[in-house]
Each structure stands twice: as C-alpha cells, then as structure tokens.
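See structure below.
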Amino acid sequence: MRNLKLLKCLSSVELQSPGSPQCFSVRTDTGSLLISSQFSITEYDPPTGQVLNEVSLTSEDYLPEDGQGVVVGIQDLPDQESVCVATSRGDVVLYNLSTNQLECVGTVDSGLTAMSWSPDQEVVVFCTGQETIILMTKDFEPITEVDIHQNEFGEGKFITVGWGKKETQFHGSEGKQAAQKKAPAVPWDDRRPRITWRGDGQLFAVSAICPQTGARKVRVWNRECVLQATSEAVNGLEQPLCWKPSGSLIASSQRHPNKHSVVFMEKNGLLHGDFTLPFAKEKVKELLWNSDSSVLAVWLEDMNPGEDGKRNTYIQLWTVGNYHWYLKQSLHFGNDPLKAPACLCWDPEKPLRLHLLTRAWASYTYDWGWCTDRSPGDDSQDNANVAVIDGDKVLVTTFRQCVVPPPMCSYELQLPAAVNMVTFHSQPQRTNELAALTADSRLHIYGRDQEGVLAMRLLLWLKEDVFVAVAGGDGLNQSSLLFLKPAETEGSDNRLEIRYRYYSPILLFSVLCFIVSVASNVSSFVVYDEFLLLTTHAHTCRCLHLATMSLKDLKAALSSEATQNDESTRRVERGSRIVTVVPQDTRLILQMPRGNLETIHHRALVLAQLRKWLDDLKFRDAFECMRKLRINLNLIYDHNPKVFLENVETFLNQIDSINNVNLFLTELKEDDTTKTMYPNPASAACQSASASGADGKKKVDTICDALRSAMETLDPLKFCLCILTSHVRKTTPELEIALQKVHELRVNPPSEKNAVSAEEALKYLLFLVNVNELYEHSLGTYDFDLVLMVAEKSQKDPKEYLPFLNMLKTLEPNYQRYTIDKHLKRYKKALHHLSKCGEEHFTEVLNLVKDQRLYTEALQLYPAESQQYKMLSVAYAEHLVEQQQAEQAGLLLWRCGEMPRALQAFVSCTSWRHALAVAVHIPLPPEQLAQLARDLDCEEAISALIEGAAWEEALRLIYLYSRQDIAETHLKPALLEAHSNQLTFLESQKTLFTRHKNRLVVVREQKEKARLELLDAELYSEASSVLTGSRIGSKYSQSNSRISKALCKEIHSLLKALVLFQFDTLASSLQTNYSELLQLIEKGIPEIWQEGLQQGQTPITGPNSTANSIMASFQQPRPSAVPQQDAEILIRPKMRQSVKWKLCMLK
C-alpha cells in the first residue's frame, strides 16, 4: 500500500550540441551520462551541468555528415574504461574515456539493427541487416552467427499429450475464423528487432518481424545462441521488449481492437498475465524495468496528432501488488516535439532513479521514494486512513473500521486525471480529509472542493487553507519552497495562488514519510504518539519509546538484540512493511511482500494503551483488551495499586460480569508484573505493587478482601460465586468460610429469581478446589448434610465415609466436634470443644495438651481456682523445666500453690530473689531460711525498688519481711501504671518511626526527581535530610537506643511481675505491642540504611580525564558527602537478637 513520491528532480539547461540524442547509457562509476547522437558521443554530468568529454563520429566517417546516421546502441564498459557504440552502417566503435580515442573493432557489411550486452558484460549480441544474430565475446571474438527466423520451435518444444489441437478449442464469440487469422504488425512499428537479457545473463530474447506473416515473434536463446523457444502467434504484438531482471517474465505490449495492454511472456514463449493501459489511442514506444524489478516504466505517445499536428508524450510508472497493477505516477510532456523524451533509462545502481533526455538535449534525473500516505491523526476521530494511488483513482482504506486487503478498499475516489500525490489534512479532528494532486497540475480537495494550478514535487496540507509544496527552481540544483493560499482576486474562486516562495540548494522537504535513517537495516517506519515503530531486514518489528530515548540510545537499541521480556521487539514475517497504526487502539497494520495485509497487536502499543485506559479508570476497555490479547490480568492492579483499591466499586460496575470477575481473581499472583513481565519504560511515574504493601499484607489477600467487601456492599447475591472465589484464592484459602456460605444458602435459600442456589455454589466450589480436600473442610462445618453433598461429588466409596459419619452422629455434640477437629488436625478447636465435655474427659484434655503442647490455650479455658487449672499449670511447668525455662516454671508452680516444687525450680535456675520469697512463704525452718536470706530490707527500700521498677527485688523483700500488704497497696498499682506508660510510649515510638521513615522516602523521591531534571542535587542532599530528621527528632534518636537495649530488660521484668499477679491479659498485650514495634523497626532498617549509602562517589578528574568523562561522573546518581562527625548515622544498625525477653506462657 505504498505510493511513489518524487524526492528530487534534477534538471539541466539545454546543451548546445548538434542533432538530437538517439540513445544513452549511465556510467556506473561516476554517474555521468554517455549520450550518442547522429554526430557525436558526449559525456555529460547532470549534477554539475558540465560536458566532460565529447568526440565526433562524423570526422572518422563512422556516421555521415548529413545527419542521417543512426546509432543503434551504446553501452558503458567500466572494465575497459570505454564506451561501445554500434551504428546502422555496421561499425562497432570503442571510445576510450581516458585517452579520448576512437577505435573501430569490427564492421558488418549488411549493417546493424540492434546491440545488447549481457548483464555481466562477457558477451554481446548484434542483430544484422541480413536478419541474423551474431554472438561475440567482450573482446569482439565471434562465437556464432545464426538466423533470427528459425523454423523449429527450439529445445523447449512442448510435448502433446493428446488433449486436442488449439484450433479445435473454443475461441469465444468471434469463432474459429478470427482465432486462426494472423494479424501483421501494427502500422507504427519501426520494424527493428529488440534484444533483452534475463537478469542472470543465461538467456536473451529477440523480438523481430516474421517475413512470412508480417507479425512480431519473440524467440528465446541461451548464452551459446541456441534457440530455446518461440512465442505463440500474438495478434497485435508491438515492438517494446524488456525482461524482468529478477523474474522469468518478459514484458511487451499488445494492441487489441478495444483495448491496449502490457502483456507478459514466460521463457517458453507462452503468455502469462497482463494489465490494461488506461488509454486506448496511444502507442507504446518502450518498456523499461528498474534494476530491482519493482517499477515498470511505460513510454507512450499519441497515435494521432492533434489539431496542430503535434503528438503528446507520456511516461507512466507502474507497480504490482497482490496481482494488481497500479499506475503510481504519470508524467505528461505535452506536444512540443523539442520537449518530448528522446531516450529513457533507469539507473543501474539506484533502483528508483530515472534518467531522461529530451530531443532538445534537456536532462532530467528523477529520484523516487516509497511512501505510505496515511492520515496523521492520533485521536479516536481519525479513521486510520491509508490512500493508495491507482491511476485516476485514489483507493482509501479506513483501518479503524475494517482491514481490507488490496487491491480492494473501503471506498475509492474517482478523479478526472491520473493522480501523482496524496496528502491528508494535518489539523486535529479533520485528519480524514485529503487532497490529491493530479498530473494536469490540479489540486483536488475532498471536503472543500478547492483547486489550484501548480506543478509540484512534494505536498503537505498544513492548515485550513494553507498548503506547503516543493517545486523545481529556475537554476540547476535548486528547489523552491512554496506557500499556497486561496487567491484573493475577484473571479478566482476555488483556485490557489503562490503567496511566498523560498529558494534553497536541492531542498529535500520531508512529509511524514522520509526522515534521516538511524540504522541501515530499517525497511519501514512510522511515528505514532510517543513511539517510533519500524520494521527491520532482520524480520523484526521494533517499537521504541521516544520520550525516554535520545538519538544515541535509539542507535544503541537498534544495534542491539532484544532481551527476554522486551516488549519493544517482536518477530514478523519476512519482508513485512508497516502500513499504519490505528490511533487510540492497539492495531498495527503490516503488508506482506505478496501484497496481503496482516493486523498485529504489538506488545508495546498494547501496554501503552492499557496504561492509558487504567489511568483513565476505563477498566472495562482494559480488561477486554487484556483478555483478548492474553495479557496477564495482574497488571490491572500492579499498574497503580492505590488507585485500584480506591476504585474497586468502579471496577466491579464496569466489568459487570460474574465470569470476568472470577477470571480476574483466579489469575492473581503475588508477583509484580510491572517489574517482571511488563516493565514500564517510564516506571518512575507510577506506583508499583510493592509500595502498597506497607501494612505487610500480601497482594492477593489485599485484592480478595477489597473486592469481597465491595461485592458484599453492592449485591451479595449477584456476586455470590465471586465472593466464594475471593475466599478460595487467598494465600491461605478460607475454605471453611466458603463452605459456611454454601451452608447458609442451603438453610436459607434466596427468593430472587436469578440467585445462586446452594447446589450451584457447591458445584462451583468443586471446580475451584479438589473435591477430596473440600470434603475434609466440609467436615469442619459440622454440617452433615453439607458433608454428604460434598461426599456425593467426590470419588470416595460410601462405605468409607458413611460409617464414620454415622458414628459421629451418635456422639454428644461437643465431643462430636472434638472428634471431627482431631480428625482434621485442628487441635486448638478440638481442645476448645473437649474442654466443654465435662470432667470425665479431662484426662483426654491433659493428654491432648501434652501431645500438641497447647498449654497456653488450655489455661485460658479453665478458671484459675479450679483443680484442672492447677493440673494444667503443673504439666506446663514440667514442660518448661524440660525446655530449660525453670524460672517461668517456678512462677507457674508458685501461682498455683505448689510451693516446694516452685522453690526447687527457682533454686535450679539460681533465681535467689524468688527462691527466698517462696522459702518464706512455705515457710522454711529458720535455719534453712537463714541459708537463703542474706540481707534485710526496710519498707522504704521496698518503695524505692517499686519506684525504680525493680520488681523482682521488691517482691523478694516483700515476702522476706512478710509485707504482703505492700504488694496490694504499692506493687500492684505500680505494675498497672507501668503497663499503661509502656503501652503509651511504644505507640508514640511506632507513630514517630513511621512518620520519619515516610518523610525520608519523600525526600529521596524529590532528590531523584531533581537529579533527572538536571537541578542541583546538593539542594536535596540525602545525608543532610537524614541528619536533619535525626536532630529534629533527638528524642526519637535517644529512644531508639532504649528500644534496642534497656527497654528489653524493663519489659521482660514487667512481664514477669504481671504474670505473677495473674495480669495475663495485660502482659500479653504489652508483649504483643513491643514485638510489633521491633518487627516494624527491623523491617524498616534496609529501607532507611540502603546499600551504598555510606559510600560516596568522587567525580573523576585529573590530567587523564576528558570533558565527557567528568560530566558522566557528575551525572551518575551518588550519595552526597557527609561530615565526619555525622558519619556514624549512615552506618546501618543491627538488631540484638540474643536478648531473650518474651514469655512463652503468654499468647
């Protein structure tokens, strides 16, 4: 779907040479033109407009001086630094370009009618006046001479298989008589033979007039001049002949009674395809393929002269795609004989360069380029139009609505003349309008009906009524830039006039199609939004984010290979080219070499569009696109977790599909897709999933809880299955809760018409969870009907579960639930239910507690005054002694009244204060007590110890001196006050730590942003921020030392005292709060003291440094310099793990 656009037209002034050009050749090493006329050979350089060499052919009598001589062929021979010329008189002349000497290397008495060198210039073919073919080497040594007209078909003669003769076949409405009639050559045929070589130089074809029929026939010969095939009789076959360089087709032209066609022959002489020329009253003078076989030039001339007796001349450029021939350019040279083309040829080195000489010696060099004319809009109003020129039609395809393979289209525009250029309006909201420049220099604007008269090369529709164009200048190597606006004079409606004209040397004006290529392997490209999309000769399609890349980065990206999970690269079919991108969509249209179209969704375009939709809260559009293109649905949350959680209800309302919500929930994973699968090129602008986990909650659990809460608020009956999915998909599946909801549906079936039944809910759960696993969890609901429902869906034999269920039904309810929980290994629940079964089952309780070590849970189930509580305490103390926790065991034994055993426990762990207190409480005999007691304390000492929080020493003295009244009046109130103060202090430290940590994160983000904007990074010094925060919060800094050192001992002592006086609930809350604070600090240490914070980087300077290296070192992110006296602040602290402060007996 590409058009040919004229990039540059180099025209020269008319040369002052006698005669007129007859043929010419391009000198490959210099690009100059070697022109032969009826008088001389001239070497002319088009860029400079100078004649480099000129030699007369009449002075040596190679041509007559009366100007009637004819040069039948000219060829540049780079290896010999010469040019070979063949004349109609039969002379073959070599002109040495270095010495300017002429040499006649041979003469044919009968004269020469044609000359053609092989592509490798190893052999040359001549056609003589006697209608023979002479084959010579490059040194002009004869190889063979044969007659052009042979009676035999050739070595490739067809084999008849008995299917009948052609004369007996159907020949249409005109009948067999017309089929058997052989028409002679057309009257305007010059009756000269034509020679053309195949691209590999192994075959050549000769077209000549048959003496018997008077019609043209084409014969194919091999390199040894052995006839291979003869063409079938083709009525109306004309003189042009050109073999396609990269194919097996030979192009010629054929005149029909009602049409004029360009026909193609195979090497066996049979016709193989054709296309019809748009005119019926012209004759084809020549056909020329360019060197890469992509363009066929057709040189035409009117058959009948006009009223002034002059003929119009045209040159058309045709291309083929998807078996359809397109007329891309039509050049009209008018009816002036002097301005008509005299000879024409393609450049052998540059495929899209066309050289032309007029009869008046004017030289034109046209440089063409391939371009896809697409609408430039980037909004949803743009239809992604692509215009294809096809003669006097413009084929427009709107890729937003449909992908139509060429040559079909969405609609076509019929114009009164052949179209040479197309451009779309560049103003937003109007990019679907287009303008077409026709060969008669008229500008047709569709939507405005404005026309203008101007011959132009490049065209851009800039504004409402402003066009910018490029036209040829007055002098050599000069172009002009034109600004066109509607004429202001009266009576000039629908006409454009030149308002401004600027001249510049060889102005190349780029119109969205031609830019400076940054890589030699780029085959096509298009700029869309912030992306540069291009295809390469390595059969890849790259999508590069221009907003984050410099030219240097762009070159590096194109020269490097794509990495894993690189969204910018994908493989495409060999030879694919970009046609267009559908704006505000994910579709990229590619055209294959054979012409068909393919639509792909490039991953980079898809992700960019998804990010836009998610930013605009268009969850439905994003979800449908992700589901269709198999993008991981986790990106909906990972792109911006905070925004998603704030708009959960919006997400549910837009999706509005139970299946889609379930699909989203089932695809959830803990991985952050913005860091693994789909890294964002501009990742600094969006929040990642890891940043949302400050509360320590896992990602899947967060999403499931948020969605379930919203669904229960919106419509719990409608989202029943989704709610079940949210329970099952949690990190630790909540199968019991899900089964309980199924149970509720069974007990209280909903009355709504479309509500989910218990049977449907259970069937859905079985789809999510293994049926055997679900059976085990259904037992945990203690609902035997539900258990039977699940069991029936499992693969279990009824003989396996029915006896067990029947046995359970015979048990007392609490003991029944205990049996189920024990079977499911839910020992804490089993203990809870067993404790309600009475004293007769206490032995089982004690065994269960000992087996599963559920001492703390068991103590909470019995009153402190009960015998069961005492027995459990003794069992727990025995366990603690085994675990080398004799002091805690002594506290338990002391609390439950087992004084001797408590004293033994305290003595074993050398807790002398507790031991003396218990010894007095027993009491021990004086002599034994004297061994334990050393000092006596007074009441003031006990009060001082209580005020100083020396709880153990105060307790020892209280019992040493039998002052239990002080424990009630002083010790217990002091314990409660100390507990309250510690909780308040811990909460304040937690808040202060979180605030300072968050502030540090903000400071670092501001510093990074300032660095990216090339501001002074020292203004946002990370170290100074840390120091400032530490100085402002000096109390916080001092308290940190308390948290990590002395506070552990204080809290440990306070916990033991609280437990002793049966303040277990208060002790447990204090232990939990302090543990959470320590975990928060430990988790925050890596975030605050990051790796490399204390290692500064010094800019690279010195005599061996360069400006670039110094600038690079300054631009690298690095921590700022820190004063020596504050250096210890940047050293990461270590948590003291060796301090044992927790009490195992507390929950």
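Rundown of residues vs (1) in contact (Cβ under 8 Å) with a residue 12 or more places away in the chain; (2) within 30 Å of residue 1085 (Cβ to Cβ), yes/no style:
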position	(1), (2)
952	yes, no
966	yes, no
973	no, no
977	no, no
989	yes, yes
992	yes, yes
995	no, yes
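Against the condition closer than 30 Å to residue 668 by Cα, in contact (Cβ under 8 Å) with a residue 24 or more places away in the chain and part of a helix (DSSP H, G or I), how does residue 774 come out, does it pass?
Against the criterion (closer than 30 Å to residue 668 by Cα, in contact (Cβ under 8 Å) with a residue 24 or more places away in the chain and part of a helix (DSSP H, G or I)), residue 774 qualifies.
Looking only at residues in region 720-744 that are in contact with an Asp or Glu (Cβ under 8 Å, 6 or more places away or on another chain) and part of a loop (DSSP other than H, G, I, E, B), which one is surrounded by the fewest Cβ atoms within 10 Å (Cβ to Cβ)?
The residue in question is 731.
Output yes when any residue across region 1047-1066 is at pLDDT 85 or above, touching a His at 6+ places or on another chain (Cβ under 9 Å) and open to solvent by 30 Å² or more (accessible area, probe 1.4 Å), and no when none is.
yes
Take region 125-165 and flag every residue that is open to solvent by 100 Å² or more (accessible area, probe 1.4 Å), within 21 Å of residue 205 (Cβ to Cβ) and either in contact with a strand residue (DSSP E or B) (Cβ under 7 Å, 6 or more places away or on another chain) or at pLDDT 90 or above (or both).
The answer is 130, 145, 152, 155.
Go through region 582-602 residue by residue and tally those that are open to solvent by 10 Å² or more (accessible area, probe 1.4 Å) and either under 15 Å from the mean Cα position of the chain (by Cα) or over 15 Å from residue 388 (Cβ atoms) (or both).
Looking only at region 582-602, we keep the residues that are open to solvent by 10 Å² or more (accessible area, probe 1.4 Å), and these are 584-585, 587, 591, 593-594, 596-601.
Applying the additional criterion that residues be either under 15 Å from the mean Cα position of the chain (by Cα) or over 15 Å from residue 388 (Cβ atoms) (or both) yields 584-585, 587, 593-594, 598-601.
Of the residues in region 582-602, 9 are open to solvent by 10 Å² or more (accessible area, probe 1.4 Å) and either under 15 Å from the mean Cα position of the chain (by Cα) or over 15 Å from residue 388 (Cβ atoms) (or both).
Which pairs turn up if I take residues in region 827-843 that are under 23 Å from residue 779 (Cα atoms) and look for partners that are buried (at least 19 other Cβ atoms within 10 Å of the Cβ) and of a type in the set (Ser, Thr, Tyr) with beta carbon separation below 6 Å, at least 6 apart in sequence or on another chain?
Going by the 6 Å Cβ cut-off, the qualifying pairs are 830/818; 833/818; 834/818.
For region 14-26, give me each residue that is over 46 Å from the mean Cα position of the chain (by Cα), crowded, with 17+ Cβ neighbours inside 10 Å and not small (Gly, Ala, Ser).
Across region 14-26, the qualifying residues are 15, 21, 22, 23, 24.
When the residues of region 240-250 are narrowed to those that are touching a Ser or Thr at 6+ places or on another chain (Cβ under 8 Å) and modelled with pLDDT under 90, which ends up most open to solvent (accessible area, probe 1.4 Å)?
First, pick out the residues of region 240-250 that are touching a Ser or Thr at 6+ places or on another chain (Cβ under 8 Å): 240-247, 250.
Filter once more, keeping what is modelled with pLDDT under 90: 246-247.
Values: 246: 85, 247: 26 Å².
Here the residue is 246.
Being modelled with pLDDT under 90, of a type in the set (Gly, Ala, Ser) and surrounded by 19 or more Cβ atoms within 10 Å (Cβ to Cβ) is the filter here; which residues of region 49-100 pass it?
Correct list: 69 only.
Looking only at region 745-756, filter to residues that are without any contact (Cβ under 8 Å) to a residue 12 or more places away in the chain and more than 48 Å from the chain's Cα centre (by Cα); which one of those is surrounded by the fewest Cβ atoms within 10 Å (Cβ to Cβ)?
It comes out as 751.
When region 223-234 is examined, which residues are found to be in contact (Cβ under 8 Å) with a residue 60 or more places away in the chain and of a type in the set (S, T, N, Q)?
Across region 223-234, the qualifying residues are 228, 230.
Go through region 745-764 and count every residue that is of a type in the set (D, E, K, R) and assigned to a loop (DSSP other than H, G, I, E, B). Even if it seems obvious, please write down each step before you answer.
In the first step, residues of region 745-764 are kept if they are of a type in the set (D, E, K, R); the result is 746, 752-753, 759-760, 763.
Retained after the next criterion (residues that are assigned to a loop (DSSP other than H, G, I, E, B)): 752-753.
Total meeting the criteria: 2.
Going through region 122-132 one residue at a time, which ones are out of contact with any Asp or Glu (no Cβ under 7 Å at 6 or more places or on another chain) and in a strand (DSSP E or B)?
123, 124, 125, 126, 127, 128
For a quick check of your reading: which strands (runs of 3 or more DSSP E) sit entirely within region 180-269 and have at least 1 residues that are of a type in the set (Lys, Arg) and more than 15 Å from residue 151 (Cα to Cα)?
Values: elements: 194-197, 203-209, 216-222, 227-230, 250-255, 260-265.
Those strands (runs of 3 or more DSSP E) span 194-197, 250-255.
Residues that are closer than 21 Å to residue 347 by Cβ and among the polar types (S, T, N, Q): list the strands (runs of 3 or more DSSP E) wholly contained in region 43-119 that include at least 1 such residues.
Those strands (runs of 3 or more DSSP E) span 50-56, 71-77, 82-87, 112-117.
Does residue 263 satisfy the condition of being out of contact with any Cys (no Cβ under 7 Å at 6 or more places or on another chain), among the aliphatic types (A, V, I, L, M), surrounded by fewer than 21 Cβ atoms within 10 Å (Cβ to Cβ) and in contact (Cβ under 8 Å) with a residue 24 or more places away in the chain?
Details: out of contact with any Cys (no Cβ under 7 Å at 6 or more places or on another chain): yes; among the aliphatic types (A, V, I, L, M): yes; surrounded by fewer than 21 Cβ atoms within 10 Å (Cβ to Cβ): yes; in contact (Cβ under 8 Å) with a residue 24 or more places away in the chain: yes.
For residue 263, the condition - out of contact with any Cys (no Cβ under 7 Å at 6 or more places or on another chain), among the aliphatic types (A, V, I, L, M), surrounded by fewer than 21 Cβ atoms within 10 Å (Cβ to Cβ) and in contact (Cβ under 8 Å) with a residue 24 or more places away in the chain - is met.
Residues that are of a type in the set (A, V, I, L, M, F, W, C) and under 19 Å from residue 10 (Cβ atoms): list the strands (runs of 3 or more DSSP E) wholly contained in region 325-399 that include at least 3 such residues.
Output list reads 341-346, 353-358.
Residue-wise test of (1) closer than 27 Å to residue 580 by Cα; (2) over 31 Å from the mean Cα position of the chain (by Cα); (3) not acidic (Asp, Glu).
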site: 354; (1), (2), (3): no, yes, yes
site: 361; (1), (2), (3): no, yes, yes
site: 364; (1), (2), (3): no, yes, yes
site: 369; (1), (2), (3): yes, no, yes
site: 373; (1), (2), (3): yes, no, no
site: 377; (1), (2), (3): yes, no, yes
site: 382; (1), (2), (3): yes, no, no
site: 390; (1), (2), (3): yes, yes, no
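In region 35-56, which residues are of a type outside the set (Val, Ile, Thr), free of Cβ contacts under 8 Å to residues at least 40 places away in the same chain and more than 22 Å from residue 68 (Cα to Cα)? It would help to see each step written out before you state the result.
Here is the first cut: in region 35-56, the ones of a type outside the set (Val, Ile, Thr) are 36-40, 43-47, 49-50, 52-54, 56.
Pick out the ones that are also free of Cβ contacts under 8 Å to residues at least 40 places away in the same chain and you get 37-40, 45, 50, 52, 54, 56.
Passing the criteria: 45, 50, 52.
Could you please find all residues in region 889-904 being buried (at least 23 other Cβ atoms within 10 Å of the Cβ) and either hydrophobic (A, V, I, L, M, F, W, C) or at pLDDT 90 or above (or both)?
Matches in region 889-904: 889, 891, 892, 893, 902, 903.
Could you check residue 103 against (1) under 23 Å from residue 268 (Cβ atoms); (2) modelled with pLDDT of 85 or more and say which number it fails?
Looking at each condition in turn, residue 103 falls short on (1).
If a residue has to be open to solvent by 20 Å² or more (accessible area, probe 1.4 Å), closer than 18 Å to residue 325 by Cβ and either modelled with pLDDT under 90 or not basic (Lys, Arg) (or both) to count, how many in region 392-413 make the cut? Write out each step before concluding.
Our first condition is that a residue be open to solvent by 20 Å² or more (accessible area, probe 1.4 Å); within region 392-413, this holds for 392-393, 400-405, 407-413.
The next check asks that each one be closer than 18 Å to residue 325 by Cβ; those that pass are 392-393, 405, 407-409, 412.
From what's left, either modelled with pLDDT under 90 or not basic (Lys, Arg) (or both): 392, 405, 407-409, 412.
The qualifying residues number 6.
Going through 85, 55 one at a time, which residue ends up being over 60 Å from the mean Cα position of the chain (by Cα) and of a type in the set (A, V, I, L, M)?
None of the others qualify; the one that does is 55.
Does residue 782 fit the bill of being surrounded by 15 or more Cβ atoms within 10 Å (Cβ to Cβ), part of a helix (DSSP H, G or I) and not charged (D, E, K, R)?
Criteria not met by residue 782.
Consider residue 638 against the criteria (1) open to solvent by less than 70 Å² (accessible area, probe 1.4 Å); (2) under 17 Å from residue 709 (Cα atoms); (3) of a type in the set (Asp, Glu): it satisfies all of them except one. Which criterion is unmet?
Failed condition: (2).
Does residue 916 qualify as being in a helix (DSSP H, G or I) and modelled with pLDDT of 80 or more? Write out each step before concluding.
Numbers: in a helix (DSSP H, G or I): yes; modelled with pLDDT of 80 or more: no.
Considered against the rule, which asks whether it is in a helix (DSSP H, G or I) and modelled with pLDDT of 80 or more, residue 916 comes out as no.
How do the pairs read when you match residues in region 719-744 that are at negative phi with residues anywhere that are basic (Lys, Arg) and in a helix (DSSP H, G or I), using Cβ under 6 Å and keeping only pairs 6 or more apart or on different chains?
723/708; 726/708
The values are calculated or read from the model by the stated rules, or taken from the named source; none is laboratory data. All of these numbers come straight from a predicted model, not from anything done at the bench. For neighbour counting, all protein chains shown are included, and Cβ atoms are generated from backbone atoms with ideal geometry for every residue, glycine included. When the accessible area is computed, the model is the full protein with side chains, heavy atoms only, and any ligands, DNA or RNA have been set aside. Shrake-Rupley method; radii C 1.70, N 1.55, O 1.52, S 1.80 Å.
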